[in-house]
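Remarks on the structure that follows.
The values are calculated or read from the model by the stated rules, or taken from the named source; none is laboratory data. Just so we're clear, the structure is a prediction, and the values are computed from it rather than from any experiment. Using ideal geometry, Cβ is built from the backbone for each residue, glycine included, and neighbour counts are taken over all protein chains shown. These area figures cover heavy atoms from the full protein model, side chains too; ligands, DNA and RNA do not enter into them. Shrake-Rupley method; radii C 1.70, N 1.55, O 1.52, S 1.80 Å.
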Amino acid sequence: MDTTHSGHNGLDDIFGEPVAKVHQRYAAYVNHRFARVIELIGFKRVFTRAEGAWLWDQEGDRYLDFLGGYSVCNVGRNHPRVKQALIDWLERDGASLVQMDCSPLAARLGEELAQLTPGDLNTCLFTNSGSETTEVALKMARKATRQPRILYADLGFHGLTYGALAVSDHDMWREGFEPLLPGCEKVPFDDLDALERELAKRDVAAFITEPIQGEAGVRVPSDSYLPEAARLCRKYGALLVVDEIQTGFGRTGRWFACNHWGVEPDIMLLSKALSGGYVPVGAVVTRRSVFDKMFEDLRHAAVHTTTFGGNAMAMIAALVTIEVMKDENIVEHAASAGATLMEGIRQLASRFEMVKDVRGKGLMIGIEFGEPRSLRLKAGWKLVHRAEGLFGQMIAIPLMRDHRILTQVAGHNLDVHKLAPPLIIGQDEVDYFLHAYQAVLTDLHRFPGPLWDLGMTLLKNSISW
Ligand SMILES: Cc1ncc(COP(=O)(O)O)c(C=O)c1O
């Protein structure tokens, strides 16, 4: 592929192709169902450029990114320092993936993560994705404890590979793929009695949970939950696995969500924002004593490896991303920008009866909608809820169509609208969003009105989300 010229097959050529043609090719050779969904919700664009919290399409129109690549772009898209470090590496013709060596880059990142993560989590294993990171934790917990059962929280999400799916709770993901990994059992989130009942059977290898549930609609547990869960796990000999894949690296206004409650898990799962939105990466961080039970002797020195784990591009991107986060005080900024944004949404919420809750921490925010009291709106609400997931699209679609703001509906709780912008957003972006949100909420509370017409059209098309 000639990427330097605008000739055939060059990047200019690829990104300059009309959107209809791109979609046609994608539908023909990649995922035609997904292409159809993108079309139906009116998100059909080719994005050609990105910077910070903004995206640009082929027409030169600018979009505010409140999705952040699914919480990946915490330091902002195409951060110049991360980009330059990767260019420097490519120009160096360095040696990556030698495999039979101890990578100096992995060594540095391991040391850095050991210092950043709480307590005596001091040993790292690198992977390439969130799901893969979950897989490692499940294997590690079973081998370290030699116990069979793994507990997971209801509505939790840890990825879609087989092991991860077995500890993720939603029928849509699971249906047709059973039998899943045996021994995985669900406990209600934020319910310590239920957790203790299961742990007390003393056959549990691990309890895995997100500290704040993302896909479930930004569910924040009560303050005692995680510290007590950690204590109970210790008491009954199970490992606490905290999945910070989404919440980590400043998303919630602390380096890790665990820091809000002073919790020190036995295994912490990291991925997504770790490499600044550039390179797939994942890391399992644990205590040396847990690690040693899995990598028990020299024969087992590589009992879990993956070809690309610890590759140079991922390690460099991660090292520089962490440096940028420290130098630019991105964690502190996320806390204050998140507080301003949440306060602004709460003020709006008080004027709109369908907004039932605004919750989250830092820049991980969920806005929950609920059945209205007024009769007209109630009728509309009931109608659109005949199709699962449709209501949330009545917010995401106009935000994109009329205001060029990219957002998503929470994965499992479809009446929750979720915000996860890059953590570098400033007052301008907050104001831009609040202004647009007010307009969309105003339209939404007008029945009949154009947004309800949109809902009815979607319903008539019998779209099942
Ligand atoms: C909390 C959590 N765990 C695990 C995963 C899976 O990560 P990946 O999509 O990289 O496999 C996700 C992805 O959204 C996530 O949010």
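A few notes on this one:
- Count - residues of region 120-154 that are within 16 Å of the ligand (Cβ to nearest atom), open to solvent by less than 30 Å² (accessible area, probe 1.4 Å) and hydroxyl-bearing (Ser, Thr, Tyr): 5
- Filtered residue count, region 170-180, keeping only those that are modelled with pLDDT of 95 or more and either open to solvent by 60 Å² or more (accessible area, probe 1.4 Å) or within 12 Å of the ligand (Cβ to nearest atom) (or both): 5
- Which numbered condition LYS201 fails, given (1) part of a loop (DSSP other than H, G, I, E, B); (2) open to solvent by less than 10 Å² (accessible area, probe 1.4 Å): (2)
- Of the residues LYS326, LYS293, the single one that is in a helix (DSSP H, G or I) and without any contact (Cβ under 8 Å) to a residue 12 or more places away in the chain is LYS326.
- Residues (part of a helix (DSSP H, G or I) and within 22 Å of the chain's Cα centre (by Cα)) located in region 115-138: LEU116, GLY130, SER131, GLU132, THR133, THR134, GLU135, VAL136, ALA137, LEU138
- Members of region 417-464 found to be open to solvent by 70 Å² or more (accessible area, probe 1.4 Å) and outside any helix (DSSP H, G or I), listed by number: ARG446, PRO448, ASN461, SER462, SER464
- Within region 338-371, the set of residues being part of a helix (DSSP H, G or I) and within 18 Å of PHE256 (Cβ to Cβ) comprises just one member, GLY338.
- Test: ILE322 is under 20 Å from ALA436 (Cα atoms) and surrounded by 14 or more Cβ atoms within 10 Å (Cβ to Cβ): no
- Restricting region 380-397 to residues that are in a helix (DSSP H, G or I) and out of contact with any Gly (no Cβ under 9 Å at 6 or more places or on another chain) leaves a set whose member that is surrounded by the fewest Cβ atoms within 10 Å (Cβ to Cβ) is LYS382.
- Taking the listed residues GLU112, GLU59, the one that is over 25 Å from the mean Cα position of the chain (by Cα) and at pLDDT 95 or above is GLU59, with no other qualifying.
- Top-ranked residue of region 350-371 - restricted to ones that are free of Cβ contacts under 8 Å to residues at least 60 places away in the same chain and surrounded by 19 or more Cβ atoms within 10 Å (Cβ to Cβ), ranked as farthest from LEU419 (Cα to Cα): PHE369
- Within region 210-253, considering residues that are assigned to a loop (DSSP other than H, G, I, E, B) and away from the ligand (no atom under 16 Å from the Cβ), the one most open to solvent (accessible area, probe 1.4 Å): ASP223
- Put simply, of ILE330, ILE316 the only residue that is open to solvent by less than 10 Å² (accessible area, probe 1.4 Å) and modelled with pLDDT of 95 or more is ILE330.
- Region 18-42 residues that are more than 19 Å from ARG404 (Cα to Cα), paired with ones that are open to solvent by 60 Å² or more (accessible area, probe 1.4 Å) (beta carbon under 7 Å, 6 or more apart): HIS23/GLU39; HIS23/LYS44; ALA35/TYR26
- Complete set of residues in region 260-289 that are open to solvent by less than 10 Å² (accessible area, probe 1.4 Å) and part of a helix (DSSP H, G or I): ALA273, LEU274, SER275
- Only listed residue being within 12 Å of the ligand (Cβ to nearest atom), surrounded by 19 or more Cβ atoms within 10 Å (Cβ to Cβ) and in a helix (DSSP H, G or I), chosen from ALA85, ALA164: ALA164
- Take the conditions (1) part of a helix (DSSP H, G or I); (2) surrounded by fewer than 20 Cβ atoms within 10 Å (Cβ to Cβ); (3) touching a residue at least 24 places away in the same chain (Cβ under 8 Å); THR306 misses just one of them, which is (1).
- Which listed residue, of ARG231, ARG197, ARG202, ARG219, is more than 16 Å from the chain's Cα centre (by Cα) and touching a residue at least 12 places away in the same chain (Cβ under 8 Å): ARG202
- Residue, surrounded by the fewest Cβ atoms within 10 Å (Cβ to Cβ), within region 182-191, restricted to residues that are touching a Leu at 6+ places or on another chain (Cβ under 7 Å) and among the hydrophobic types (A, V, I, L, M, F, W, C): PHE189
- Counted residues, region 90-104 - those being open to solvent by 40 Å² or more (accessible area, probe 1.4 Å) and either in a helix (DSSP H, G or I) or touching a Gly at 6+ places or on another chain (Cβ under 6 Å) (or both): 4
- Condition broken by PHE256, with the remaining ones in (1) open to solvent by 10 Å² or more (accessible area, probe 1.4 Å); (2) under 20 Å from PRO422 (Cβ atoms); (3) in contact with a Gly (Cβ under 7 Å, 6 or more places away or on another chain); (4) of a type outside the set (Ser, Thr, Tyr) satisfied: (1)
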